[in-house]
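Asks: Sharing a structure with you now.
The values are calculated or read from the model by the stated rules, or taken from the named source; none is laboratory data. Remember, it's a predicted structure, so these values are computed and weren't measured experimentally. Every residue, glycine as well, gets a Cβ built from its backbone with ideal geometry; the counts of neighbours run over all protein chains shown.
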Amino acid sequence: MNGFWYRKKRLYCEQVSVAKAAATVGTPFYLYSQAALERNFQVFDSSFREIPHLTCYAIKANSNLAILRVFRSLGAGFDIVSGGELFRALKAGADPQKIVFSGVGKAQEEIDLALKHRILLFNVESAAEMKMLEERARSVRKVAQVSLRVNPDVDPRTHPYIATGLRQHKFGVPMEDAAELYRIASRSRHLRIGGIGCHIGSQITRLEPFVDAVKKLKGLVAALSASGIHIRHLDLGGGLGISYNDEDPPPPEAYAKAICEIVKDMECTVLLEPGRVIVGSAAILVTRVLLTKQNGSKNFIVVDAGMNDLLRPSLYGSYHAIQPERVNGRGLWKADVVGPVCESGDFLARDREIQIPKKGDLLAVMNAGAYGMVLASNYNSRPRAAEVIVKERRMKVIRRREGFIDLVRGEAVNPL
Ligand code: LLP
């Protein structure tokens, strides 16, 4: 049970009927189960209880303030990749000493902001970044804690766009360059060696790539230690997958067990940066059927959510299950579920067996909590959707639907 279930053939989020939520806020909207968010975080975090660790939720997966606040209340740290994400984390009340800053291209202002707030670690991804961090720390008279993100060169066997840990990718530094970079860091009064890390990709559904990467890092930590460089934090990134269709990813307990087995004799605090596995299953995107049509032998269900609301199917060909809000016994139809955006790539599902819909029916796009709302855009001048959270019988709008006025905010009517 992930917070969404049927009662008398109607879909519910906890104790709130999806139809009632839709009648209140209109469509499309993202609907979150607070119980599912909490449970997903706690299951993940408690799986690592036997080792010193900090779960730094990856804000990029879903950055809504109220959702960050849920995790902060449960003791989470945060993985940020921009000044904007740092702003959000702080606004949600995060402890800066539980914030790690990842990303291959950090701007000077972003580094300065993070130094000002004394975050826990900068995950540094190149010699050039280390140099810049040193300069900025020197100029503001602070000490930056450095964690090198190394590239362990393992194949996570996921979609090419979300694989990151191979040599050909832009991320991290080659393992063989680490010792030299740490030596540079150790010579600076403004840098402190804080840790080492990796992130090999996302939506990974097997344990082996993680195990291979952790073993490689362990070997590197031992080699560094032998040369007098001691590592206190081991950041293993995120990447654990979820089941969108028929994938069978290891549960967090098995993932944690495999990692703990390797790291338990290391004298490090382990940092984890999960995103998808925490928020993915905790939300649905609720959309309304605008009309159905047939072009020759092809059936289409045109709904009011499009690629601007949920980009994953268009961008990665991702599968999201689509379920009816009301089970009506009308039989099945094979159809594409498409949005109103003027692109052939605007689809939520292709050739899907789906209950025969009627105009006005509500559909739920499942597992939409991760990389859903954060990737939404205003393409085709479509206001972005609302976000609603449910806790037991109560619901709250945690982001209001945009209006037309939001579309033009900051624009000038008059050219030169
Ligand atoms: N840490 C770092 C450094 C990352 O780059 C990412 C994700 C994470 C943690 C969290 O990974 P997760 O646990 O969520 O897999 N938009 C794509 C996914 C992009 C992932 C980017 N990095 C999608 O919708 O599948």
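Asks: Do we find that Q145 is within 11 Å of the ligand (Cβ to nearest atom) and under 24 Å from H53 (Cα atoms) in this structure?
Replies: In short, no.
Asks: Between a first residue in region 35-60 that is under 16 Å from A282 (Cβ atoms) and a second residue that is among the polar types (S, T, N, Q), which pairs have beta carbons less than 7 Å apart while being 6 or more apart in sequence or on different chains?
Replies: The qualifying pairs are A36/N2; A36/S281; N40/S281; F44/T55; D45/T55.
Asks: List, please: which pairs have Cβ atoms under 9 Å, are six or more places apart or on different chains, and start with a residue in region 261-282 that is closer than 29 Å to M373 by Cβ and end with one that is of a type in the set (K, R) and more than 8 Å from the ligand (Cβ to nearest atom)?
Replies: Correct list of pairs: A282/R39.
Asks: Does region 148-161 hold any residues that are within 12 Å of the ligand (Cβ to nearest atom) and closer than 13 Å to T205 by Cα, and which are they?
Replies: Scanning region 148-161 gives P156, T158, H159.
Asks: Does region 196-210 contain at least one residue that is assigned to a helix (DSSP H, G or I), at pLDDT 95 or above, under 30 Å from the mean Cα position of the chain (by Cα) and within 13 Å of the ligand (Cβ to nearest atom)?
Replies: There is at least one residue in region 196-210 that is assigned to a helix (DSSP H, G or I), at pLDDT 95 or above, under 30 Å from the mean Cα position of the chain (by Cα) and within 13 Å of the ligand (Cβ to nearest atom).
Asks: Is it true that some residue in region 327-343 is within 16 Å of the ligand (Cβ to nearest atom), farther than 27 Å from Y6 by Cα and surrounded by fewer than 20 Cβ atoms within 10 Å (Cβ to Cβ)?
Replies: So far as region 327-343 goes, no, none of its residues is within 16 Å of the ligand (Cβ to nearest atom), farther than 27 Å from Y6 by Cα and surrounded by fewer than 20 Cβ atoms within 10 Å (Cβ to Cβ).
Asks: Pairs only if they're at least six apart or on different chains, beta carbon under 9 angstrom, first in region 156-184 and without any contact (Cβ under 8 Å) to a residue 40 or more places away in the chain, second part of a loop (DSSP other than H, G, I, E, B) and of a type in the set (G, A, S); list them, first residue then second.
Replies: A163/S202; T164/G172; T164/S202; T164/G237; T164/G239
Asks: K106 - would you say it is away from the ligand (no atom under 15 Å from the Cβ), assigned to a loop (DSSP other than H, G, I, E, B) and closer than 21 Å to I184 by Cβ?
Replies: So K106 does not fit the description; no.
Asks: Quick one: how many residues across region 26-71 are in a helix (DSSP H, G or I) and buried (at least 19 other Cβ atoms within 10 Å of the Cβ)?
Replies: Total meeting the criteria: 14.
Asks: Going by the structure shown, is V146 among the β-branched types (V, I, T), surrounded by fewer than 22 Cβ atoms within 10 Å (Cβ to Cβ) and in the same structural domain as V214 (by TED's automatic domain parsing)?
Replies: No.
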